[in-house]
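Enquirer: My questions will all concern the structure given below.
Nothing in this text is a laboratory measurement; each read-out follows from the coordinates by a stated rule. Source: prediction; values computed, not measured. Positions of Cβ are generated from backbone atoms using ideal geometry, with glycine treated the same way; all protein chains shown enter the neighbour counts.
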Amino acid sequence: MAQEAIWAGSSSFSSGDTPWGLYDSDSDFTSDVDKFADWCARRLGYPIMSVELQSGSFYACFEESVSEYSAQVNQFNIKDNLLHLTGQATGSNVTHKRVTPTLGRNVFLSKQYGTEAGVGGDVDIKKGSISVTSGSQEYDLNDLFVDGSESGAIEVKRVYYEGTPAMQRFFDPYATTGYGTINMVQGFGFGQQSPAVSFTLMPLFEDLLRVQAIELNDSIRKSAHSFSLVNNKLRIFPDPTEDSTMYFDYVNVSDRDNPLITEYSGSANVVSDFSNVPYDNMQYQYINDVGKQWIRKYGLALCKELLGMIRSKYGAIPIPNAETSLDGDTLRSEAAAEKEVLVTQLREMLEQTSRKALLEADKDEAEFLQEKLNKVPYPIYIG
């Protein structure tokens, strides 16, 4: 049976009465929705005036008001937390949850610099070698990959000979003090090297200084080839006088410069941008009284807007010997202004409680407190 087109004075909500059913299972919502309908009807003039809205109209406006509040708050939270949620699983619902900032994003960015500095990163640094021929100075490193083992351009990071490791000249080979010492040294992974007991007792920084000294001595005192590298074409100085092997480290340019090759690649189930941050509709029962008051006022504005649309169907209705004008346009204008004010107030409050704003307020409070403490006289001790 169809409902009357005019508010009957009471309502009784049942699950399924709202258009979307977003909150039909929320006990607080089902408890408040009929109270909201009665309150709105009274604010719109009932029972002095007839209100051309059904209970379903009030229910729809209340549901929309709750979802609008949820959307406004969630939009702000996404903006405030996107930097820290990027790369996280989209299946982890963060609605009504505190998002704690981490250093994950900073670490991720530092990896990009680490690749260039040679101290880490996400890009695989590969190794290659060339056979240096006596009397030949120039070598095209790109020609090494004509077999298809690498595709695209490469960028050479370092060219070097495999010299004798400094570790092999680290200790006196005649310092052994017996077979038991050799067994102990082998336990440290040095095989038949013989650093004797002193190795296990010296501070680590002495080991580092000794290795650095050996390598620096080799680079200064021992003659070695120098080279120039232009567009991956290697030129060696002076001319090699014997055949040997030279090594180089390189990266594929496509690996380094491809923005999609990151720690998040290969998975479509991670947060990438605003569109897939896992914020769902807020649960009405978890919204505080401040938020519920906003929802009631916004819902009233929606009801006023809807009633204005209904009354605007006819600009005037005839009565005996005259006609009377309806207030549809006035209601719609008032509703639009009220909605704008409510949304503006909510957004301003959210901005004032953003992470950045709270940190700035905390800083100002700390500075003010420090300034106040600086004016407190020091105590004077007598005796």
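Enquirer: Quick check on the exposure proxy: order ASP24, ASP243 from fewest to most C-beta atoms within 10 angstrom.
Expert: Numbers: ASP24 17, ASP243 11.
Starting with the residue having the fewest Cβ neighbours, the order is ASP243, ASP24.
Enquirer: Another one. From the backbone phi of segment 101-117, what are the Karplus-calculated ³J(HN,Hα) couplings (6.51 cos²θ - 1.76 cosθ + 1.60, θ = phi - 60°) in whole Hz, Gly and Pro given as x?
Expert: These are the phi-based 3J(HN,Hα) values: x, 10, 8, x, 5, 5, 5, 4, 5, 5, 5, 5, 6, x, 4, 6, 7 Hz.
Enquirer: Sticking with this one: Name the residues whose placed amide hydrogens come within less than 5 Å of the amide hydrogen of THR95, ignoring near sequence neighbours (fewer than 5 apart) on the same chain.
Expert: Those lying under 5 Å, H to H, from THR95 are ASP280.
Enquirer: Tell me, what HN-Hα J-couplings in whole Hz come from the Karplus equation 6.51 cos²θ - 1.76 cosθ + 1.60 at θ = phi - 60° for each residue of segment 348-355, using x for Gly and Pro?
Expert: Per-residue couplings from phi come out as 5, 5, 5, 5, 5, 10, 5, 4 Hz.
Enquirer: Subtracting the Cα-Cα distance from 0.36 nm times the residue separation, let me have the gained length for THR90 to SER25 in nm, one decimal. Display every interim value, and only then the final one.
Expert: On the way: separation 65, 0.36 × 65 = 23.40 nm, distance 2.42 nm.
21.0 nm is the gain from fully extending THR90 to SER25.
Enquirer: Would you kindly derive the ³J(HN,Hα) couplings of segment 229-240 from the backbone phi angles with the Karplus curve 6.51 cos²θ - 1.76 cosθ + 1.60 (θ = phi - 60°), listing them in order in whole Hz, with x for Gly and Pro?
Expert: 10, 10, 6, 6, 9, 9, 10, 9, 10, x, 4, x
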